[in-house]
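Enquirer: Have a look at this one.
The values are calculated or read from the model by the stated rules, or taken from the named source; none is laboratory data. As the structure is a prediction and not an experimental result, all values here were calculated from the model. Please note: Cβ atoms are built from the backbone with ideal geometry, for glycine as well, and neighbour counts cover all protein chains shown.
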Amino acid sequence: MRKIRNILPALLVFFVMSVSIHSEDTKKSQVGIDEKLEGQVPLELQFLDEYGKPVSLRQLITKPTLLTLVYYKCPGICSPLMNGVASVVEKMDLEAGKDFNIVTISFNPGEDYIMAQEKKKNYLEMMKKQIPQESWRFLTGDSTSIAKITDAVGFRYQPQGQDFMHGAVLTVLTPNGKIARYLYGTDFLPLDVKLAVTEAAEGRSTPAINKLLKLCYSYDPEGRKYVLNVTRIIGSGMLILIIGFALVLTLKKKKNNQNIPAEILDGKGSIKNG
């Protein structure tokens, strides 16, 4: 019993330290995704399309939609993200424009529709599988519209000089603009995207399969990628081991007490002194 009492203070201290570390990580993290499953994207928002014409999200999100938030002059993960989207669209047996749409929005208010037009041209020409021009739209907008769409999907980013710190995520929307699923990273499995599109078509929302990975990985702004958070993993593992050890000692003590005659135990289950 004394061993357990000695362990409990240390366990409490370690737990407080773990919570503190996690809290510090959260405060330091200025980029990432706050999942808002079943949240409603404001369909009345207006942007400029790749032809310089105003268009509302309501006009574009008429079927399951793959939404990507990037900026067109990004030197980091934006291109790999869009490459990943183009690659998975080519591999899926679903048809862009028929089964789903793709909408890419620049979150840099300084970019214009000319940049969006060039980016669209590059990707459609690069893809071996031809898709309808209207199935993948590239948009730009003002700071107000950008703030509303990024807030609606929980997309957090920070300016860094002429660039931005941000993560990589593919947000799947239902035909009525609700968030159905988040797919993280820059490479996507056709089956994962197909399942997400199918569920979105049915109006279902599903937590990201790799949401647990967010506990093990954190975004590295300098490297512009997700890296293994060793401190968090070790801390969580040690906490689990200590709790498990304390439980084993407790169960072992109870088992041993069951074999001791009742007359030498006090009312609390401990051996009488003397």
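Enquirer: Looking only at the range 176-217, count every residue that is surrounded by 14 or more Cβ atoms within 10 Å (Cβ to Cβ), outside the structural domain of A152 (by TED's automatic domain parsing) and either in a helix (DSSP H, G or I) or at pLDDT 90 or above (or both) and tell me the total.
Expert: Summing the residues that are surrounded by 14 or more Cβ atoms within 10 Å (Cβ to Cβ), outside the structural domain of A152 (by TED's automatic domain parsing) and either in a helix (DSSP H, G or I) or at pLDDT 90 or above (or both) in the range 176-217 gives 2.
Enquirer: State whether one or more residues within the range 107-126 are assigned by TED's automatic domain parsing to the domain that holds G203, within 16 Å of T174 (Cα to Cα) and touching a Ser or Thr at 6+ places or on another chain (Cβ under 7 Å).
Expert: Scanning the range 107-126 turns up no residue that is assigned by TED's automatic domain parsing to the domain that holds G203, within 16 Å of T174 (Cα to Cα) and touching a Ser or Thr at 6+ places or on another chain (Cβ under 7 Å).
Enquirer: Considering only the range 154-174, I want to know if a residue exists there that is modelled with pLDDT of 95 or more, in the same structural domain as C74 (by TED's automatic domain parsing) and assigned to a helix (DSSP H, G or I).
Expert: Among the residues of the range 154-174, not one is modelled with pLDDT of 95 or more, in the same structural domain as C74 (by TED's automatic domain parsing) and assigned to a helix (DSSP H, G or I), which makes the answer no.
Enquirer: Can I ask one more? For the range 87-130, what are the residues that are in contact with a Leu (Cβ under 9 Å, 6 or more places away or on another chain) and over 23 Å from E202 (Cβ atoms)?
Expert: Within the range 87-130, T104, I105, S106, F107, D112, Y113, A116, Q130 qualify.
Enquirer: Hey, does the range 121-139 have a residue that's among the aromatic types (F, W, Y), at pLDDT 95 or above and closer than 26 Å to K36 by Cβ? If you could, list the steps in order and put the result at the bottom.
Expert: Filtering the range 121-139 down to residues among the aromatic types (F, W, Y) leaves 123, 136, 138.
Of the ones still in play, those that are also at pLDDT 95 or above are 123, 136, 138.
Next, from what is left, pick out any that are closer than 26 Å to K36 by Cβ: 136, 138.
The answer is yes, given that some residue of the range 121-139 is among the aromatic types (F, W, Y), at pLDDT 95 or above and closer than 26 Å to K36 by Cβ.
Enquirer: Kindly check whether there is at least one residue in the range 71-85 that is farther than 27 Å from D163 by Cβ and either hydroxyl-bearing (S, T, Y) or not assigned by TED's automatic domain parsing to the domain that holds E111 (or both). Lay out the reasoning, then the answer.
Expert: So in the range 71-85, the residues farther than 27 Å from D163 by Cβ come out as none.
No: zero hits.
Enquirer: Which number in (1) modelled with pLDDT of 95 or more; (2) β-branched (V, I, T); (3) under 20 Å from the mean Cα position of the chain (by Cα) marks the one condition that T144 misses?
Expert: Looking at each condition in turn, T144 falls short on (3).
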